[in-house]
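Nothing in this text is a laboratory measurement; each read-out follows from the coordinates by a stated rule. A quick note: this is a predicted structure, and the numbers were derived from the prediction, not measured. Note: ideal-geometry Cβ built from the backbone for every residue, glycine included; neighbour counts use all protein chains shown.
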DNA sequence: TATGAATGAGAATTCATTCAT
DNA sequence: GATGAATGAATTCTCATTCAT
């Protein structure tokens, strides 16, 4: 989990290096378990330099939050989903959902270290939670609602479920898959991941109940 | 999140007080964000007293892990699930799953502070992960596999899904519901929770795909 | 170095046990490196019990000093030296000195743990130094002066040396032998000790200069 | 005992100050009786600064040991003894030994605080003992053996004594003189020291036995 | 008397932050 | 701007001593 890349944000080289190092180590040891000295060493700068770019250690965390929101807002929300919607035209719903979920998974995967840091700290700080809620959860949910609405119109999915419950269920399953792979890599070999994704999507679409029996 | 109750473990009054305080504050601020001074104050003992019961601060965490595993092993695994299996006889599968999930949710809810502490730290420590995997995940999965097998035999559920994928999906949805309620209580009022549970179970059982269309 | 025996002092069983344990551990780890808890455990009493017999930890040290002085004063000073003086009558000076030194060595050896503790702490505390000086060094030196005077009278030893310088030289050599054996037991096997004592006495008596050459 | 001077070792100013303060206070109160706070105050630095230079308090002690060995190895062993050997050519053995012993005494005196600290702690720690044995005792003994061999060849000293026994006897007497002066300065006025040294050397060379009588 | 749990003052150590160079 | 030595407040942990039982 070391390949954090913040180059698309317009940061000075040092600031970027510091942020990337901080994300990487925060992700490994947690915010409070990480020292500014470690960050400096990994970033290849002097400890004092950190405090030229970030007034306090806490500011590094805030900065990660801000950048995470920026990255997600720009990438996730807008761009590729619209495209997907177009691509979805005339396609099988399974094919579409599969693509959507895999797409989101790869995005989340690429941002995983930042997300892990921010989500863990969100646990302890109301402000972070609110920022995430307002800037990520709500827009993402709105987007999904829109997409789901289209699918309902086309008769592809049930119309008796609120889109936000469906959304949460999908998010929960994606998160679950990612956590499994991250926390227990040895128990979840890569070759199994694809099958798991397929089956998880299958469950979400079809449910686990035996058809025709009921 | 203050209603931790460890009275069923046979601990001395002080040890119990210290553990309860530690769980409560660790849960709020994280292990590294909590000082032994805070724990002592909340427990109403001298700071030195903590170290009569726990050699190091880290030992408090280990003790929480051990007790969590003991509590879950004893309660969850054995007792109530067997009962549920009997109760399930001749009942509607939906009714049964609903009961099962609600039962597990209330258990997890009651252990939530401990779980939160341990899961957060599991993120950083391999040993904790392994302990959880071996003592909770594997046994719980085995149990579910057993239960699921019975349901397959009765023709209540699909026989083309590996039980562990189903298990993970259910766990993910339960976890998601609990996290929502805990992290964003203001956005998820209690009266909605019941409906959400119902619909989540509905999705797991039926899927989101429109029947008859396919 | 565990066979401290204070039974000849009239102490209650517990007090004796505590003192013996304290001497043994102080001797191994030093006064400041020893905890009252360790002493209690080794003595087989509760930690609180120590403070019934000794107001403070420091009092244990003082007590050791007092007992050491008592033991040395009674045993060394009076008793056996007088006897030796009698035995010395008409004997070879070498035989006598050999017996004297071996006798003193075995005494010092038996009191070694106490001595080590007290001498080490004497390094840090003026009062201890003064107590040792007044109660041990001065009387012992007086005694030796007396003995040496007799030997001078009999023409057995040189009459141009102050007895206290001779005394110190003998003490230094005895102390040296004991320290070697204690600190580097592996480098000073027991079978060598006897030869070393013989030769050390030989040096003190004869010197290292080649006779007849000068 | 405050005139420790470590300037010949190439240490940063602060490191030197800290070491000198530590030696001085360790020497007065012992390692365990000294707090890092005291050392910092005496050195005129913040307590935290100590730990920039020494990972732990124990490391200060190790550092003292290392520097002591370095100082003794460089100074004692090589340089001045070789010179002495040359100076000794054609000189009276008494004059030579006198010079040698006085020379060693002044060296030991100048290193006395370090030596005291290290020797006291050697009492408790095997590793320190071994380091001293290997790096100081063995080389010094070898050196003396060499020197003594030369004196034997020239017929200046007895050839029936093992050099290491002679060596230990001399060391014991030097150590004794220094300890007397240090522990009981009021009982051993400076003007006596010279006479004592002379007579101690006299004893070592000539022994205490009356000549011609035997 | 004896106990040992509890205490709290004090010790070593850490680390975010500052600031002179 | 960048550095990294220095700081000292805060933190974990120790231990002699007390005291209720």
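Brief remarks follow.
- Helix B:93-110 vs. chain B, principal-axis angle (Cα, 0 to 90°, nearest 10): 10 degrees
- Shortest-first nm distances, residue B:73 label point to equivalent points in other copies (7 Å, Cα→Cβ): 4.9, 5.4, 6.4
- For segment B:1-113, fraction of C-alpha pairs farther apart than 18 Å, in %: 56 percent
- All-pairs alpha carbon distance profile, chain D, 5 Å steps from 0, percent: 1, 6, 13, 17, 17, 14, 12, 8, 5, 3, 2, 1, 0, 0
- Projecting the alpha carbon convex hull of segment A:1-54 along each direction and taking the average yields 3.5 nm².
- Area projected by the alpha carbon convex hull of segment B:69-160, averaged over all directions, nm²: 6.5 nm²
- Once C-alpha pairs closer than 8 Å and six or more residues apart are averaged by separation and normalised to the residue number of segment D:51-185, the relative contact order reads 27 percent.
- Between 0 and 90°, nearest 10: helix A:57-71 axis offset from chain A longest Cα axis: 30 degrees
- Distance-filtered residues of segment D:32-54 - backbone nitrogen under 19 Å, label point 7 angstrom along residue A:37 Cα→Cβ: D:36-37, D:40, D:45-54
- Shortest-first nm distances, residue A:10 label point to equivalent points in other copies (7 Å, Cα→Cβ): 5.0, 6.9, 9.7
- Between residue B:12 and residue B:164, full extension at 0.36 nm per residue minus the direct alpha carbon distance yields a gain of 50.8 nm.
- Between copies, the label points at residue A:49 (set 7 angstrom from Cα along Cα-to-Cβ) are spaced 2.6, 5.0, 6.4 nm, reported in nanometres from shortest to longest.
- Comparing B:184, B:54, B:167 in a Gaussian network model of chain B (Cα springs below 10 Å), the most mobile by mean-square fluctuation is B:184.
- Length-normalised contact order for segment A:1-128 - Cα pairs under 8 Å, 6+ apart - percent: 30 percent
- Simple spin-label estimate for residue D:186 and residue B:107 in nanometres, 7 Å along Cα-Cβ: 7.8 nm
- Nearest chain D C-beta to the D/A rotation axis, reported as residue and distance in angstrom, is D:48, 4.
- Crossing angle, helix A:163-183 versus chain A [Cα axis fit, 0-90 degrees, rounded to tens]: 50 degrees
- Full-stretch length increase - residue B:99, residue B:29 - with 0.36 nm per residue and alpha-carbon distance subtracted: 21.9 nm
- Computed over segment B:1-54: relative contact order in percent, which uses C-alpha pairs under 8 Å that are six or more apart: 32 percent
- The protein assembly as shown - Rg (one decimal) and Dmax (whole number), Cα, Å: 40.9, 131
- Expected 222 nm ellipticity per residue - DSSP helices of 4 or more, -39500 (n - 2.57), all of chain D, to 500: -21500 deg cm²/dmol
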